[in-house]
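First comes the structure, then the notes that go with it.
The values are calculated or read from the model by the stated rules, or taken from the named source; none is laboratory data. Quick caveat: nothing in here was measured; it's all calculated off a predicted structure. Quick reminder, even Gly has a Cβ in these numbers, built from the backbone with ideal geometry, and neighbours come from all protein chains shown.
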Amino acid sequence: MSTPPQPPQPAGQPAQQPQQHQPPAQQPAVPPQPTAYSYPNPQSPPAGAFYAQPTLAGQPAPGQPQPGNLYAAPQYGPVPPAPPAGGGGAGRAVLWAAVGAVVASAAWAAGVLLGGKADSADLRGYAAPSNMCSSADYGSFKDEYTQDDSSPTRTSLDDKALEESYCSLSLKKPGSSYADAYLTIQLDLHKKTDPGPEFTATWKNYGESHTGYDVDPVEGVGDEAYLISQDTTNGSSSGSRYATLAVRDGWVTYLMTYSAYLSSYDKDKDPPALTDVTDWLKTDSKATLRQLQD
């Protein structure tokens, strides 16, 4: 390639030599990375300096620690400024003391939270029986439904997060071959999470999420209780009567539910009035909860 012409030089001044193209400065082969040490190597370049050092005979290759300095780390990016003169040792001591205090505080807080959460389950001395059908009190219903269920359904769960006991009974009037009504009883011991907010949201607002149900708060049982009921019979031969008493006592929840369908009754057998059923639920729930406390 020919050299472009140069402008004429004034007399008495030497001619300028053509400008030679210089090779670009060598860039680091590895992108900038933070150093693993809090303070820079005293032999490190000033902050923000980037340059490549040629490898000479008898010297280590770039990126290798310098002889005699066991703590030197490869410097590929900006180096943090050195601590004030005369305060290196003290500065490090203060830094590590502060870091240790923060770590210790975090560990203590985590221990308090974890330990407190595990110890905060408010079970009020309740125990979930393996057989709720034989442990629950439903004596108020036995005057109306005199036949015992010979094969009730029962389940239980014993887990580190939840204990549960459940029973489902078929209620029969005298002379009935099939169930005239049903009664279910369930106790849950929540050992890891407080059921309070969800319990309140579910049962206090039951009428908003389920059309046609009445919701009434009940005093004198647990921390909070709600009676949910519905009667769709209206004096006809069809429809149903339903009632649930939902109770929360600490982290323990309890449900007793009654349901009857007129289609299941003989024409000469009417189900009990809903007001009677709700009174039975209150009486038997209080008795059952007393029995299930240690």
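Taking segment 142-189 as the range and being assigned to a strand (DSSP E or B), under 18 Å from K286 (Cα atoms) and not acidic (D, E) as the test, the residues that pass are S165, Y166, C167, L183, T184, I185, Q186, L187, L189.
Applying a threshold of 9 Å to beta carbon distances and a minimum spacing of six or more residues, or different chains, the list of pairs starting in segment 118-143 at a residue that is within 23 Å of D194 (Cα to Cα) and ending at one that is at pLDDT below 95 and not in a helix (DSSP H, G or I) reads R124/Q293; G125/Q293; G125/D294; Y126/Q293; Y126/D294; A127/Q293; A127/D294.
Looking at segment 194-212, can you tell me whether even one residue there is buried (at least 16 other Cβ atoms within 10 Å of the Cβ) and either part of a strand (DSSP E or B) or in contact with a helix residue (DSSP H, G or I) (Cβ under 8 Å, 6 or more places away or on another chain) (or both)? Checking segment 194-212: not a single residue is buried (at least 16 other Cβ atoms within 10 Å of the Cβ) and either part of a strand (DSSP E or B) or in contact with a helix residue (DSSP H, G or I) (Cβ under 8 Å, 6 or more places away or on another chain) (or both). Residues being under 24 Å from L189 (Cα atoms) and modelled with pLDDT of 95 or more are entirely absent from segment 101-113. Assessment of segment 237-260 against the conditions (loosely packed, with under 12 Cβ neighbours inside 10 Å and under 19 Å from I185 (Cβ atoms)) yields no matching residue.
Report whether or not P195 is within 33 Å of the chain's Cα centre (by Cα) and of a type outside the set (A, V, I, L, M, F, W, C). In short, yes.
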